[in-house]
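Have a look at the structure below, then the notes.
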Amino acid sequence: MKMRGADAVLRSLEAEGVDTMFGIPGGAIMPTYDAMARGTSVRHVLARHEQGAGHMAQGYARASGRVGVAIATSGPGATNLVTPIADAWMDSTPLVCITGQVRTSLIGTDAFQECDITGVTMPIVKHSWLVHDPREIAGVMKAAFHVARTGRCGPVLVDIPRDVQEAEVDFAYPDKVELPGWKPPRKVHPLQIKQAAEAIANAEKPVLYVGGGTLNADACAELLEVAETGRFPVITTLMGKSAFPETHELHFGWPGMHGPKWANLAMNTCDVLVAIGARFDDRVTGKLTAFAPGATVVHLDIDAAEISKLRDADIPVVGPLKQALAALAKEVGKLREAGAPVPEAWLRRIADWRDEFPLRYGGRSGDWPKPQWVMEQLQELTAGEDVIVSTGVGQHQMWAMQYILSERPRTFITSGGLGTMGFGIPAAIGAKAARPEATVVCVDGDGCFQMTCQELATAALENLPIVVVLVNNGYLGMVYQWQDMFFEGRYSHVHLTKSVPDYARLAEAYGGVGMTVTEESEVRPALEEALQLGRTVVVDVHVDPKEQCFPMIPAGAAALDMIEYPEAMEAEA
Amino acid sequence: MKHTISVTVEDRPGALTRITTMFARRGFNIDSLAVGPTERPGVSCITLRVDCAQHTLEQIEKQIHKLVNTLRVTELVPGEAVERELMLIKVSATPDRRAELIATATAFSGRVVDLGADTVVFELTGTPEELDAFHELCRPQGIVELVRTGRIGISRASAKRTTRRLAAIN
C-alpha cells in the first residue's frame with residue numbers, strides 16, 4: 001500500500017498491537033504527528049517534557065508487560081529521552097523510542113535541532129537504527145519491537161529523518177524479523193536444571209534471590225510453584241518486588257542497603273543462593289567479596305553475560321526463566337518426593353530473625369507524622385485492592401519498599417539501577433494508561449516531585465488520575481542522611497523547605513486536587529479520600545525531617561555490617 | 001594473558017562503534033584491532049587482541065555476542081590458528097648501511113617498497129612476534145615512522161575445530 005513514511009511508522013505501531021504511545025511533537029517529527037492527525041488507532045498521550053514521556057512509557061511497560069513507546073523530536077527532544085533510555089537500560093524495561101531527525105541532506109552539518117542521538121545513546125540501548133530510506137521503516141520497526149522484548153528486555157531507538165517520514169513508500173509489514181545476529185537463548189539445558197534442582201533441594205539453608213528478570217519473563221506463577229514445592233524462602237530485590245506475594249509465608253523481605261536485617265542475614269548465611277533474574281548489584285551485595293561467603297551460587301538468567309559477571313556462578317542456568325522455573329519446580333518436586341529434606345528449621349530461623357530484628361522507627365509522638373508510619377497507613381488502606389505503587393528515588397522509596405506489601409506481579413514500579421529521581425509521577429501516569437482499572441499511587445519525595453511535577457497536567461488532562469503521596473520532609477532526604485552519617489553532619493545544599501512550593505496549591509494549579517497534611521490525625525482521612533476521589537490528587541504529608549532510613553549497609557561495607565535503627569533516635573522520639 | 005578474538009559482524013553502520021564503545025564503557029582494553037571484509041558479502045571480520053584474565057575474556061565474549069549485529073564470536077587459540085600482521089617501517093639508512101638493512105629485511109621475508117636519500121621503507125608480513133623482532137633490529141638505525149595493521153587470524157586448515165566457542169552463549 002502506498003503511503004508516506006510517517007504513516008508507515010503508525011501502521012507499524014498498529015501492526016505491533018500498540019495501544020498507547022507517549023510523546024511531544026516538534027519540528028523533525030511533525031510529519032509523524034501529522035499522520036496521527038490523519039488517523040491512527042494508537043492513543044497518543046501528550047506529555048509536558050520528553051523525560052516524562054519516556055518514564056510514562058516505562059511505567060506503561062512495567063505495569064503491562066508490553067513494550068512501551070515514546071516519541072519525540074530531534075535534538076533536545078531526543079536528548080530529553082536519554083534519562084528514560086538509561087533508566088530502561090539499567091532496569092531492563094522494554095522500550096521503543098522513536099525520534100525525529102533532521103533531513104538526511106542536513107545530517108552532519110550541525111543543523112538546527114540536530115543531535116547524533118544514535119551516537120549519544122549507543123552505550124545505553126540494546127540496538128538503534130538511523131533510518132535512511134522509507135523502505136526500511138517497516139523492517140526496522142518490526143526489528144525494534146522484537147529486540148526490545150526478546151532476550152533480556154531493554155530500550156531500543158529508531159531515529160527517522162524528516163524527509164524519510166515525508167517520502168512515499170509501498171508499505172507492507174513483514175511477518176519475519178531479519179536479524180541474523182540476534183539469537184537470545186530460547187531453551188534451557190535440562191542438565192543445568194537437574195544440577196540446579198539437586199543443589200537447591202538438598203540445601204540446608206537455601207534462599208531464592210529474585211530479581212526483576214522474573215517479572216520481565218512473566219515467570220511469577222512458576223516462581224511461586226518452585227518456592228512452594230521446595231518450601232524455599234524468597235527474597236525479592238527492589239526490582240523483583242511484586243514478583244512474589246509479599247504476605248506469603250515464604251516471602252522474607254528485600255535484600256541490600258536498606259533491606260531488613262532478617263533478609264540480609266538470610267542472604268548472607270545461606271548455603272545455596274539461587275539468583276533468579278537478578279544481577280548481584282552493589283546495592284544488594286554490599287562489599288562483594290564478603291557477600292554470601294561460602295554459598296553455592298545457582299544463577300538463572302536469560303542473559304549469559306550476567307552469569308559470573310560479579311559473583312561466580314557454581315551452577316549457571318541460561319535461558320527463559322518461565323521455562324527454567326517450570327522445569328525446576330518439576331525437578332524439585334521429584335526430589336522432594338524422593339525424600340530430600342524440607343528446610344523447615346531454616347525457615348524458622350529466618351522467621352525468628354524477623355521477630356528479633358523487626359523494622360523499627362521512632363515512636364509516633366513527634367511533631368510530625370513519621371514517614372514509615374505514613375507508609376503503614378497507606379499499606380493498610382490499599383491491602384487487597386488493585387493498587388499499583390510507583391516511587392521516586394531516595395528515602396521515601398526505601399520506606400515504600402519496606403512497608404508496602406506488593407501482592408500481585410507488576411504492582412511496584414520504581415527506578416532501581418539508575419536511581420532516577422522524578423521517575424515516580426510519570427511512571428504512575430504510564431501505569432494508569434496501561435491499567436486504567438487499577439488505582440495508581442505514586443509515593444514521592446519532595447525532591448523527586450519537583451523534577452517531573454509538570455506531568456500532573458498530563459494526568460489531569462489525559463484523564464489518567466494518579467494519587468501522589470508526597471513524603472515531604474523538606475530535604476533531599478537521602479543526601480541529608482548521608483551527610484549526617486558520613487560527612488560529619490555538614491549539610492550541604494539539601495534543604496528544600498516543606499512550604500515552597502505549596503504542593504497542594506501546585507496540584508490545584510495543574511487541575512488536580514491538593515491536600516496538605518501536617519498532623520498525624522489527618523493522614524488516614526486524607527489518604528482515604530484521595531484513594532476514593534478518582535482524580536489526580538497530591539497529598540502533601542509533612543513528615544519528620546529527622547527521620548532516617550534504617551537499617552543501612554554503608555556503601556562498600558559488608559552486608560552483615562549493617563547499621564540498625566539507632567536506639568537514641570527511638571528514645572528521643 | 002593475551003587473547004585473539006575473531007568477531008564476524010553484519011556490515012552495518014555503527015557495527016564497529018558498538019563494539020568499541022562497549023569496550024570503553026565496561027573498562028576493557030584493546031591491544032590491537034583489525035577490520036575487513038570476509039568471504040561472505042555483507043559480513044565483516046573484526047579481529048581484536050586483548051590482554052586480560054580468562055574471566056574478563058569470557059565477559060568480553062558474552063558482551064560482544066549480545067550486540068545485535070554480531071554473528072559469531074570465537075577465540076583464536078594459539079597453535080591452532082595462524083595469525084599475521086602487516087608492518088610498514090621507515091628506517092634511517094645512509095647508502096652505506098642499506099645493504100645490511102635490506103639483507104636483514106630479506107631474512108624476515110620483507111621487501112623494500114620505497115627508497116629515499118636517507119631512508120628506506122620496508123613492508124613486512126609475519127607473525128606479530130616476527131614483526132617485533134625486526135622492529136628491534138631496526139631500532140639502532142633510527143626508526144623514522146612505523147605503522148602496523150593489527151593482527152588478523154584464521155584457523156588452521158588441518159584442525160577440525162580450532163576455535164573455542166563459549167558454551168554459555170552458543
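A dipole drawn for region A:2-170 from +1 and -1 charges on Cβ atoms has a positive end, and of A:GLN101, A:ALA35, A:SER64 the residue lying farthest that way is A:SER64. Rounded to the nearest 20, the size of the Cβ-charge dipole of region B:82-152 about its Cα centre is 100 debye, with Lys and Arg at +1 and Asp and Glu at -1.
Taken along the Cα-to-beta-carbon direction at a fixed 7 Å, the label points for A:ALA345 and A:LEU46 span 6.7 nm. Short-range pairs are left out: with C-alpha atoms under 8 Å and at least six residues apart, the relative contact order of chain A is 15 percent. Using R0 = 35 Å, the C-beta based FRET efficiency linking A:LEU461 and A:ALA557 works out to 0.15. Which chymotrypsin sites (Phe, Trp or Tyr not before Pro) in region A:468-573 pass both tests, a DSSP loop state and at most 15 other beta-carbon atoms within 10 Å? Within region A:468-573, the qualifying chymotrypsin sites (Phe, Trp or Tyr not before Pro) (loop, at most 15 other Cβ atoms within 10 Å) are A:PHE487, A:TYR491.
Here B:LYS66 is the anchor, and the lysines within straight C-alpha reach of less than 21 Å, apart from those fewer than 8 places off in the same chain, are A:LYS126, A:LYS142, A:LYS176, A:LYS183, A:LYS187, A:LYS309, A:LYS322. Measuring between their Cα centroids, region A:22-67 and region B:14-63 lie 36 Å from each other. Give me the net charge for the shell around A:VAL393: Cβ to Cβ below 13 angstrom, other residues only, Lys and Arg +1, Asp and Glu -1. The answer is -3. Rounded to the nearest 10 degrees, the angle from helix B:95-107 to the longest Cα principal axis of chain B is 40 degrees.
Label-to-label distance for B:THR94 and B:ASP132 is 3.3 nm, based on points extended 7 Å past Cα in the beta-carbon direction. Normalised by the number of residues in region B:2-76, the mean separation of alpha-carbon contacts (under 8 Å, six or more apart) gives a relative contact order of 50 percent. Note on B:139-148: average number of Cβ atoms from other chains within 10 Å of each residue's Cβ is 0. For A:MET1, neighbours were defined as the other residues whose beta-carbon sits under 12 Å from its Cβ, and their charges (Lys and Arg +1, Asp and Glu -1) total 0. Shielding value for A:298-307 is 3, the average number of Cβ atoms from other chains within 10 Å of each residue's Cβ. For region A:190-356, the dipole from Cβ point charges (+1 on Lys and Arg, -1 on Asp and Glu) about the Cα centre works out to 180 debye, to the nearest 20. Just how far, in whole angstrom, is region A:427-479 from region B:83-142 if you go by their alpha carbon centroids? What the calculation gives is 70 Å, centre to centre. What the Cβ-Cβ distance of A:THR497 and A:ALA15 gives, at R0 = 45 Å and to the nearest 0.05, is a FRET efficiency of 0.35.
Projecting the Cα atoms of A:GLY52, A:GLY240, A:SER128 onto the charge dipole of the protein assembly as shown, computed from C-beta unit charges around the Cα centre, puts A:SER128 farthest toward the positive end. Extension gain, A:ASP218-A:LYS183: 0.36 nm per intervening residue step, less the Cα-Cα distance, totals 10.6 nm.
Averaged over the residues of peptide B:66-76, the number of Cβ atoms from other protein chains lying within 10 Å of each residue's Cβ is 4. Computed from the C-beta positions of A:LYS2 and A:HIS248, the FRET efficiency with R₀ = 51 Å rounds to 0.35. Candidates B:ILE89, A:ALA507, A:TRP89 compared by Cα position along the dipole of the protein assembly as shown: farthest toward the positive end lies B:ILE89, with charges placed on Cβ. Taking other residues whose beta carbon is less than 14 angstrom from the beta carbon of A:PHE280, and scoring Lys, Arg as +1 and Asp, Glu as -1, yields -2. Rounded to the nearest 20 debye, the dipole magnitude of chain A is 1380 debye, with +1 charges on Lys and Arg beta carbons, -1 on Asp and Glu beta carbons, and the Cα centre as origin.
For the peptides A:293-299, A:429-435, the ranking by packing is A:429-435, A:293-299, with the highest mean count of neighbouring Cβ atoms within 10 Å listed first.
Derived from the Cα gyration tensor, the three semi-axes of the equivalent ellipsoid of the protein assembly as shown are 50, 34, 26 Å, largest first.
Bear in mind that the values in this text are calculations on the coordinates, not laboratory data. Computed from a predicted structure; not experimentally measured. Note that each Cβ is placed from the backbone with ideal geometry, even for glycine, and that neighbours are counted across all protein chains shown.
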